[in-house]
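Notes for the one structure printed next.
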Amino acid sequence: MPYWTQILDKKEGSAQPNVNGQKLINILVPMVDSEIQSAISKFLEVVRKRQDGSFEELPELPPPLDEQRRIVARVEELVGKVEEVRSLRQKSYILYSVRLVAILYKRH
């Protein structure tokens, strides 16, 4: 029986359904294959390295997790664009400040 089906079958209450500890003891939790666990671990390790500036390529993930690789790559792309916008905003602010000072200096 799937994990969530077991939870739903054991829940009690209507306003805030819950499953007590005694019932949780009897719920079977699915084990993820050790190869999938290893692939996830390696993937997360590379993601962390990339956050620190590494250019290491993201490893492949087995289905159904393979879509996560594309999502992480897209998020990294968007973060890069945010950093670029921040840099451009800072440069714009500096140029504006310099021009404002030049305008004010000419008036005096």
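The values are calculated or read from the model by the stated rules, or taken from the named source; none is laboratory data. Worth saying up front: this structure is predicted, and the values here are computed from it rather than measured. Reconstructed Cβ throughout: ideal geometry from the backbone, glycine too, with neighbour counts over all protein chains shown. Ligands, DNA and RNA are stripped out before the accessible areas are found, and what is left, the full protein with its side chains, is counted by its heavy atoms. Shrake-Rupley method; radii C 1.70, N 1.55, O 1.52, S 1.80 Å.
List of remarks:
- Residue list for the stretch 63-96, filter: out of contact with any Lys or Arg (no Cβ under 7 Å at 6 or more places or on another chain) and of a type in the set (D, E, K, R): Asp66, Glu67, Arg69, Arg70, Arg74, Glu77, Lys81, Glu83, Glu84, Arg86, Arg89, Lys91
- From Val79, Val85, residue being within 14 Å of the chain's Cα centre (by Cα), of a type in the set (A, V, I, L, M) and closer than 30 Å to Arg50 by Cα: Val79
- For Phe43, the conditions (1) open to solvent by less than 100 Å² (accessible area, probe 1.4 Å); (2) modelled with pLDDT under 95; (3) among the hydrophobic types (A, V, I, L, M, F, W, C) all hold with the exception of (2).
- Hey, Ser14 polar (S, T, N, Q), open to solvent by 90 Å² or more (accessible area, probe 1.4 Å) and part of a loop (DSSP other than H, G, I, E, B) or not: yes
- Lone unmet requirement of (1) open to solvent by less than 70 Å² (accessible area, probe 1.4 Å); (2) outside any loop (DSSP other than H, G, I, E, B) for Leu24: (1)
- Pick from the stretch 19-41, criterion in contact (Cβ under 8 Å) with a residue 12 or more places away in the chain and of a type in the set (A, V, I, L, M, F, W, C), ranking: nearest to Leu8 (Cα to Cα): Val19
- Within the span defined as the stretch 13-29, every residue fails to be closer than 23 Å to Val75 by Cα and either more than 17 Å from the chain's Cα centre (by Cα) or at pLDDT below 85 (or both).
- Among the residues examined, Leu61 qualifies as aliphatic (A, V, I, L, M), outside any helix (DSSP H, G or I) and open to solvent by less than 80 Å² (accessible area, probe 1.4 Å).
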